[in-house]
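Student: Please find one structure pasted underneath; my questions will follow.
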Amino acid sequence: MFNNRIRTAALAGAIAISTAASGVAIPAFAQETAVTTNGFNDADGSTAQPVGPVNHTEAELRDATDATGNYLEAFQSGDIEAIVGAYIDAGEDGFDPSEQAIFEAFEAARDEATQQLAFSAETITKTRESVAYALKVDQEATEAFLAYRDALRDAAISINPDGSINPDTSINLLIDAANAANRTDRAEIKDYAHLYTKTDIALETPQLAYAFQDLKALQAEVDADFEWLGEFGIDQEDANYVQRYHIPAVEALKAEVDARVAAIEPLRADSIAKNLEAQKSDVLVRQLFLERATAQRDTLRVVEAIFATAARYVELYESDENVNVEGDTLRNHYVALLPTLFGAAFFNVGILNTADDAAVDYYLEWDTDLETNDEDAAYAEEKREFALLTYAKIFINGQWQEKVKYVQNLDNGARAEAARIEAERLADEAYRAEQLRIAQEAADAQKAIADALAKEAENNNSGGDNSSDDKGTGSSDIGSWGPFAAIAAIIAAIAAIFPFLSGIVKF
């Protein structure tokens, strides 16, 4: 059940305010410049992010999600004035009712939502790192505990043997052997052995301190007996003396007990140290902040889309881009998205409210933490429920995202068609300009030819002396070459217009 604080009427009012003010300028649905991987966007948290264990504390996660929560609070409570007031009051000269000014206000709101979304995506990554850390230290503490427990259980079985163990290696038989060879008035060690029983460590989550204390007490008793046996005046009478087989038996017992303690003590120290570290974090609380951060991200996506849609609607107010597409103007296609987006906001804010409440209720304690330090089962169930909700939201939120994308595609198609028409117009203009240039060059060439012919005719009519200056050779008059020179000049002029002729004509 969602504890929704947002109201449909308030949302509708916010949208009315948003779309009543109209503007001009930058396209709301510009091409994304964020880094993408296989079509998924890093900035909105849709890209898979491999994470390692990093100890971001619960307090750090609370502060990060609170920062985003402060921004989203107005949307969760339906506070219209808080949503649009900051942008209304932004002008230095009072409220500007022009569509351009209001467009710029919605663009600023969209930009802020985009920044908040990027911050939320980073928070999700940090929270996942934090969860990974808590899982890591929990697992290490569990492994260290099991190693410590198993070592104590082995000692308990050895001291209190059953049919499943090798009696040749049991401490119990060493105790029996020492007691059988005992001729002093000291109490038998076997009188102590019953204090150390495996019932202390038979539970699933035992407290091993008592069993370890029993083992240490056994060691202390064996050590005390060993020292007593070393007293010089210990032999007193026939019934109270050290039998020669007694010392080796106690030595063997002491060596076995000391070896057990030496092996178990570092395991115990390691278990205590790792459990202390694990107790500093709670994976379930960190998981709750991951759920809250994810709910914030999903809500921010809708908020960003609302502001972007409103801004594009206003931008198309008097724009030439507001063309008819599929039986309606682009502007009407955008405004028709708003009811769907408000419904999506209502849905996501409801989930966010639930996540907010859980983060508050369980921040200081989680009920399973009171019962056991082994939170695997509780975490597995919480993770399963979160995964199911996440998968469901993919399909639910996909409905509004598909509608937005459809209108975006219409808008992009209209822009592409306008660009194609403009490109064709420019190409036609360029073609016409080129044709005019060629015609002008041809006219200039024709004029050059006419001028050359006129000049040659003038020379012929003037009766000028074209005879050779070489009187000694008696060569002929070169004036007869004049027509050829004129033809060469004409060909040169044509070649200037059509450069490829220069490769054919040889002068």
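Student: Only one of 310, 263 is on the phi < 0 side of the Ramachandran plot and crowded, with 21+ Cβ neighbours inside 10 Å. Can you tell me which?
Tutor: Numbers: 263 fails: crowded, with 21+ Cβ neighbours inside 10 Å.
None of the other options fit; the residue is 310.
Student: Additional query: Are any residues in segment 348-376 loosely packed, with under 15 Cβ neighbours inside 10 Å and either at pLDDT 85 or above or not assigned by the TED database to the domain that holds residue 146 (or both), and if so, which ones? Break it down stepwise before answering.
Tutor: Step one: filter segment 348-376 for residues loosely packed, with under 15 Cβ neighbours inside 10 Å, giving 357, 360-361, 364-365, 367, 370-373, 376.
Matches in segment 348-376: 357, 360, 361.
Student: Tell me which residues, restricted to segment 194-251, are farther than 21 Å from residue 177 by Cβ and at pLDDT below 65.
Tutor: Let us first name the residues in segment 194-251 that are farther than 21 Å from residue 177 by Cβ, namely 198-213, 216, 231-233, 236-238.
Across segment 194-251, the qualifying residues are 198, 199, 200, 201, 202, 203, 204, 205, 206.
Student: Among the numbered conditions (1) open to solvent by less than 40 Å² (accessible area, probe 1.4 Å); (2) of a type in the set (Gly, Ala, Ser); (3) more than 27 Å from the chain's Cα centre (by Cα), tell me where residue 345 comes up short.
Tutor: Going through the list (1) open to solvent by less than 40 Å² (accessible area, probe 1.4 Å); (2) of a type in the set (Gly, Ala, Ser); (3) more than 27 Å from the chain's Cα centre (by Cα), residue 345 breaks only (3).
Student: For segment 394-411, what are the residues that are without any contact (Cβ under 8 Å) to a residue 12 or more places away in the chain and open to solvent by less than 60 Å² (accessible area, probe 1.4 Å)?
Tutor: Within segment 394-411, just 398 meets the criteria.
Student: On the given criteria, is residue 389 at pLDDT 90 or above and open to solvent by 50 Å² or more (accessible area, probe 1.4 Å)? Before you say what the answer is, go through the steps one by one.
Tutor: Numbers: at pLDDT 90 or above: yes; open to solvent by 50 Å² or more (accessible area, probe 1.4 Å): yes.
Yes.
Student: For segment 272-287, which positions are open to solvent by 10 Å² or more (accessible area, probe 1.4 Å) and either part of a helix (DSSP H, G or I) or under 13 Å from residue 120 (Cα atoms) (or both)? Spell out the reasoning first.
Tutor: Our first condition is that a residue be open to solvent by 10 Å² or more (accessible area, probe 1.4 Å); within segment 272-287, this holds for 272-277, 279-282.
Residues satisfying the conditions are 272, 273, 274, 275, 276, 277, 279.
Student: Consider residue 137 against the criteria (1) surrounded by 18 or more Cβ atoms within 10 Å (Cβ to Cβ); (2) at pLDDT 80 or above; (3) more than 23 Å from residue 264 (Cβ to Cβ): it satisfies all of them except one. Which criterion is unmet?
Tutor: Only one criterion is unmet by residue 137, namely (3).
Student: Mind telling me which of the residues 86, 90 ends up being assigned to a helix (DSSP H, G or I), surrounded by fewer than 16 Cβ atoms within 10 Å (Cβ to Cβ), assigned by the TED database to the domain that holds residue 355 and at pLDDT below 80? Before the answer, list the steps.
Tutor: Details: 90 fails: assigned to a helix (DSSP H, G or I).
Of 86, 90, the one residue that is assigned to a helix (DSSP H, G or I), surrounded by fewer than 16 Cβ atoms within 10 Å (Cβ to Cβ), assigned by the TED database to the domain that holds residue 355 and at pLDDT below 80 is 86.
The values are calculated or read from the model by the stated rules, or taken from the named source; none is laboratory data. These figures come from a predicted structure and were not determined experimentally. In this analysis, Cβ positions are derived from the backbone assuming ideal geometry, glycine residues included, and neighbour counts consider all displayed protein chains. Keep in mind that these areas ignore ligands, DNA and RNA; they rest on the heavy atoms of the full protein, side chains included. Shrake-Rupley method; radii C 1.70, N 1.55, O 1.52, S 1.80 Å.
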